[in-house]
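Peer 1: Below is a structure I'd like to ask you about.
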Amino acid sequence: MTQAEIAYEHFTHRLAVETDADDVGSALQDGTADFVLIDARSPAAYAAAHLPGAVNYPHRGLTSEALEALPDGPIVVYCWGPGCNAATKAGAKLAALGREAKEMIGGFEYYVREGYPVEGEQAARFARDESGLVTLPSDARVGR
């Protein structure tokens with residue numbers, strides 16, 4: 001197998017199990033979201049702020065009984081950000097339970113940095129990141 005073939009397999013595999021904050025945010029905003037969102041953080045973190053429409057299932061609480069309340073179809077899981085692996089653990093449990101799951105890389109942190117709205121008791125605390133580290137100014141976002 002060539003290096004290019006190895007790379008292709010690697011990247012297509014990642015795309016099968018990962019999505020990013022901008023893809024999730026765009027789908028939520030334009031109404032094309034065909035997935036259930038699971039917030040794998042603690043109930044307190046979820047209550048403070050979460051993605052619109054997300055349900056809270058900390059990864060330790062994901063059981064086949066808990067999933068019976070969710071509609072069929074793909075599930076996107078997220079946690080705080082790159083330093084948190086609760087979404088990875090939740091994704092593994094979901095897959096073990098027979099559900100199609102993707103992890104939203106970057107998590108809640110990068111979703112907020114991209115400028116997408118959140119819901120919750122402290123939602124107003126989370127404003128778009130204007131540092132330029134995550135996203136370009138809106139007038140420079142060509143090709144997105």
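The values are calculated or read from the model by the stated rules, or taken from the named source; none is laboratory data. Small disclaimer: the values here were computed from a predicted structure and weren't measured. Because the Cβ atoms are built from the backbone with ideal geometry, glycine has one as well, and the counts that use them run over all protein chains shown.
Peer 1: What residue, among those in the stretch 87-106 that are of a type in the set (A, V, I, L, M) and under 11 Å from the mean Cα position of the chain (by Cα), is farthest from Arg14 (Cα to Cα)?
Peer 2: Restricting attention to the stretch 87-106, the residues satisfying the condition of being of a type in the set (A, V, I, L, M) are 87, 90, 92, 94-97, 101, 104-105.
Subset that is under 11 Å from the mean Cα position of the chain (by Cα): 87, 101, 104-105.
On the way: Ala87: 15, Ala101: 12, Met104: 11, Ile105: 11 Å.
The selected residue is Ala87.
Peer 1: Can you tell me how many residues within the stretch 15-64 are within 16 Å of Glu109 (Cβ to Cβ), of a type in the set (Gly, Ala, Ser) and either loosely packed, with under 12 Cβ neighbours inside 10 Å or in contact (Cβ under 8 Å) with a residue 24 or more places away in the chain (or both)?
Peer 2: The qualifying residues number 7.
Peer 1: Sort out which residues of the stretch 65-85 are crowded, with 23+ Cβ neighbours inside 10 Å and more than 15 Å from Asp23 (Cβ to Cβ), and write them in order of number.
Peer 2: The one that is crowded, with 23+ Cβ neighbours inside 10 Å and more than 15 Å from Asp23 (Cβ to Cβ): Cys79.
Peer 1: Considering only residues of the stretch 93-111 that are of a type in the set (A, V, I, L, M) and touching a residue at least 60 places away in the same chain (Cβ under 8 Å), which is nearest to Gly53 (Cα to Cα)? Walk me through it before giving the result.
Peer 2: Going through the stretch 93-111, the residues of a type in the set (A, V, I, L, M) turn out to be 94-97, 101, 104-105.
Next, from what is left, pick out any that are touching a residue at least 60 places away in the same chain (Cβ under 8 Å): 101, 104-105.
Working: Ala101: 17, Met104: 15, Ile105: 18 Å.
Selected residue: Met104.
Peer 1: Can you tell me which residues in the stretch 89-115 are over 17 Å from Phe35 (Cβ atoms) and not hydrophobic (A, V, I, L, M, F, W, C)?
Peer 2: Lys89, Glu109, Tyr110, Arg113, Glu114, Gly115
Peer 1: Okay, moving on. Could you list all residues from the stretch 25-83 that are among the small types (Gly, Ala, Ser), under 19 Å from Gly98 (Cβ atoms) and in a loop (DSSP other than H, G, I, E, B)? Talk me through it step by step, then tell me what you get.
Peer 2: We begin by selecting, within the stretch 25-83, every residue among the small types (Gly, Ala, Ser); these are 25-27, 31, 33, 40, 42, 44-45, 47-49, 53-54, 61, 64, 66, 69, 73, 81, 83.
Retained after the next criterion (residues that are under 19 Å from Gly98 (Cβ atoms)): 40, 61, 64, 66, 69, 73.
Ala40, Ala69, Gly73 - these are the residues of the stretch 25-83 that are among the small types (Gly, Ala, Ser), under 19 Å from Gly98 (Cβ atoms) and in a loop (DSSP other than H, G, I, E, B).
Peer 1: Of these, Ala96, Ala69, Ala101, which one is modelled with pLDDT of 95 or more and either of a type outside the set (Phe, Trp, Tyr) or farther than 24 Å from Glu114 by Cβ (or both)? Lay out the reasoning, then the answer.
Peer 2: Details: Ala96 fails: modelled with pLDDT of 95 or more; Ala69 fails: modelled with pLDDT of 95 or more.
Going through Ala96, Ala69, Ala101 in turn, just one is modelled with pLDDT of 95 or more and either of a type outside the set (Phe, Trp, Tyr) or farther than 24 Å from Glu114 by Cβ (or both): Ala101.
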